[in-house]
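Participant: Before I ask anything, here is the structure I am working with.
Read-outs: derived from the displayed coordinates by stated rules, not from any lab. As the structure is a computational prediction, the values presented were derived from the model and not from experiment. Note that each Cβ is placed from the backbone with ideal geometry, even for glycine, and that neighbours are counted across all protein chains shown.
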Amino acid sequence: MEANLDDPLRPAGRGKAGAQPGVKPKPKPKPATEPRLSRQRKPPAMPADDWQRALRRQFGREQGFQLQNLGDADKGVKQSPVFSEFRVSNTDNGGHYRVAIRGAASGDNLCTCPDFATNDLGTCKHIEFTLARLAARRGGKAALARGFVPPCSEVFLHHGGLRTVRFRPGADCPPALLASAGRLFDAPADWTLPWPRLGELDAFIASARKTLHELRVDEPTLVFAAQVRDAERRQLALAEAYPKGAADKGLGKTVQAIAAAELLARHFGVQRVLVVCPTSLKQQWQREIVRFTGRPVQQAQVLQGLRPARQQQHREEAFCRITSYETLVRDADLVRAWAPELPIIDEAQRVKNWNTVAARALKRIEMPSVPGGTHWGGGVSISARDQARIGQCLLVDGVHAGRRLLPEGWVAWMCQPCAIAPFNGWLVWLNPAGRSFPGASAESFFMQGAGGHTVWIDPARAGTFVEAMAQALD
């Protein structure tokens, strides 16, 4: 399906001005194409982030989305053929997202899709589709190479890697405003706002808007600044309430997730918690919540039964609702209407594939994320060899290929036993006095994960051993 670009850019004509009749023009060399990448295997020499960006570029260019230039007509600004806001629509599923194009580099552009909001890559398939269509039009590639210089100035959120707030001077930016921005933003570093000075952003915006020059501030920037300020206030409040800390290294991830939810409820007003877990763990989550919070069992509601019964449950008051991945898909409309404030995702490797039905249902619920169980962004899938590399790094005190990756003594600190559970260290299991595994060295420590993965580190024998997928996953 061809993109419908609502702008003056048009494909180049077939003829060539000034061509002599009867003289066959020389064929233009075909541009070099990028090698097709596998979604399963990363090229050895390519960094992981570059691989993921290339996959989205590869996939986006192949799509038959519809593209509409929305422009800024509602703001009285002439529509731009390249640097504008576009509506990208998928006719197969009826989905559509808004894309803002500001440049060709990762992080320059914005998209409202969930993948862009969470991947920290600065791009997505919708952005890459839009860039490919614009670059294919006459003058599009050159315009992208020149970059975006609007008449007005902008304060925006840059999404490539670590998110940063940046200033973009407009073509008509007055010297006084430029000087004021130079005192707050780091001009040599692409006009990036230093993190410690984020609290001065509101005053700068208020001062700039007193001038006749237009300063635009996108909504994600204001949301991001508010989130950072709220996080700092929460940190200060918790430090004051719990000067000795609120966690214990002997607690499991389930109990720590429950404790985090209870702290957020007591100190910051969180009232609706959603736990998504395998069906076999729903009752266990309910028992643990009641046990460690002292709340009545009605406040830890297990969603079950047929659809009418679950609809009735959603009408009842509950602090926490516990559902399975399968039920979440069927009850996505009920969950969105309930509007949970805090999700806890247990065994999150089940939604690591972004294209599964459960993953799409989860991402359509607008809320922050506190993963439980397997985490690191929804589960990590690595080979036994890579697991062994992690174990080997811990075996030699955090050194890999002659480079120190962890502070000296960090691994020894990880292996300190917990007072109430001496078999538990910091993120590792221990074998104190050989009691857990009598046939193994008492110096051994190990990591275990879903499906029976075990990475065993034995300093006494100077070895690392990996057992992968000892149990079948559901």
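Participant: Please list, in order along region 93-107, the HN-Hα scalar couplings obtained from phi with the Karplus expression 6.51 cos²θ - 1.76 cosθ + 1.60 (θ = phi - 60°), rounded to whole Hz, x for Gly and Pro.
Facilitator: Using θ = phi - 60°, the values come out as 10, x, x, 8, 9, 9, 10, 10, 9, 10, x, 9, 8, 4, x Hz.
Participant: Now for a separate question. Sorted by mean Cβ packing within 10 Å, highest first, what order do the peptides 259-270, 123-134, 156-167, 318-329 take? Present the calculation step by step, with values, prior to reporting the outcome.
Facilitator: On the way: 259-270: 16.3, 123-134: 25.0, 156-167: 19.2, 318-329: 20.9.
Ranking, from highest mean packing down: 123-134, 318-329, 156-167, 259-270.
Participant: OK, next. Could you check the spin-label model distance between F437 and A231? Points 7 Å from the Cα along Cα→Cβ, value in nm.
Facilitator: The modelled label-to-label distance comes out at 3.6 nm.
Participant: Whole-Hz Karplus ³J(HN,Hα) for region 428-440, in order, using 6.51 cos²θ - 1.76 cosθ + 1.60 and θ = phi - 60°, x for Gly and Pro?
Facilitator: 9, 8, 10, 10, x, 6, x, 6, 5, 9, x, x, 10
Participant: Please report Rg over Rh for region 150-245, where both radii come from the alpha carbon positions and Rh follows the Kirkwood definition.
Facilitator: Values: Rg = 15.4 Å, Rh = 14.5 Å.
Using Cα coordinates only, the ratio equals 1.06.
Participant: Beyond a 28 Å Cα-Cα separation, which of these cross-linked pairs lie in this structure: K42/K363; K282/K363; K253/K363; K125/K210; K125/K282? Could you put the intermediate results ahead of the total?
Facilitator: Working: K42/K363 25 Å; K282/K363 21 Å; K253/K363 22 Å; K125/K210 39 Å; K125/K282 35 Å.
Result: K125/K210; K125/K282 exceed 28 Å.
Participant: Next question. Under the Karplus relation 6.51 cos²θ - 1.76 cosθ + 1.60, θ = phi - 60°, what is the ordered set of whole-Hz ³J(HN,Hα) values for region 397-402, x standing for Gly and Pro?
Facilitator: 6, x, 10, 9, 6, x
Participant: Enumerate by residue number the trypsin sites (Lys or Arg not before Pro) in region 390-444 meeting two conditions: DSSP loop (anything except H, G, I, E, B), and at most 13 other Cβ atoms within 10 Å of the site's Cβ.
Facilitator: Details: sites: R403, R404, R435; in loops: R435.
Passing both the DSSP loop test and the Cβ count: R435.
Participant: Can you tell me how much longer the chain between E219 and H400 gets when fully stretched, taken as 0.36 nm per residue apart minus their C-alpha distance, in nm with one decimal? Provide the component values of the computation, followed by the final result.
Facilitator: Details: separation 181, 0.36 × 181 = 65.16 nm, distance 4.25 nm.
Residue separation times 0.36 nm, minus the Cα-Cα distance, leaves 60.9 nm.
Participant: Over region 95-204, what per residue volume does the convex hull of the Cα atoms give, in whole Å³? Before the final figure, lay out each step's value.
Facilitator: Values: hull volume 13.2 nm³, N = 110.
Hull volume normalised by residue count: 120 Å³.
Participant: Between region 391-426 and region 87-164, how far is it from one alpha carbon centroid to the other, in angstrom?
Facilitator: Region 391-426 and region 87-164 have Cα centres separated by 42 Å.
Participant: How much of the DSSP beta bridge set in region 150-245 is antiparallel, as a percent to the nearest 5? Write down the numbers at each step before the final one.
Facilitator: Numbers: 7 of 10 bridges.
The antiparallel proportion sits near 70 percent.
Participant: Collect residues whose amide H, placed 1.01 Å from N in the peptide plane, falls under 5 Å from the amide H of E214; neighbours closer than 5 in sequence don't count.
Facilitator: S153
Participant: Need one number: convex hull volume per residue for region 261-371, Cα atoms only, in Å³. Please report the intermediate quantities before stating the final value.
Facilitator: Values: hull volume 10.7 nm³, N = 111.
Enclosed volume per residue, from the Cα hull, is 97 Å³.
Participant: Please arrange L177, L427 by counting, for each residue, the other beta carbons lying within 10 Å of its beta carbon, fewest first. Intermediate results must be reported in sequence, preceding the final value.
Facilitator: On the way: L177 20, L427 9.
Taking fewest neighbouring Cβ atoms as first place, the list is L427, L177.
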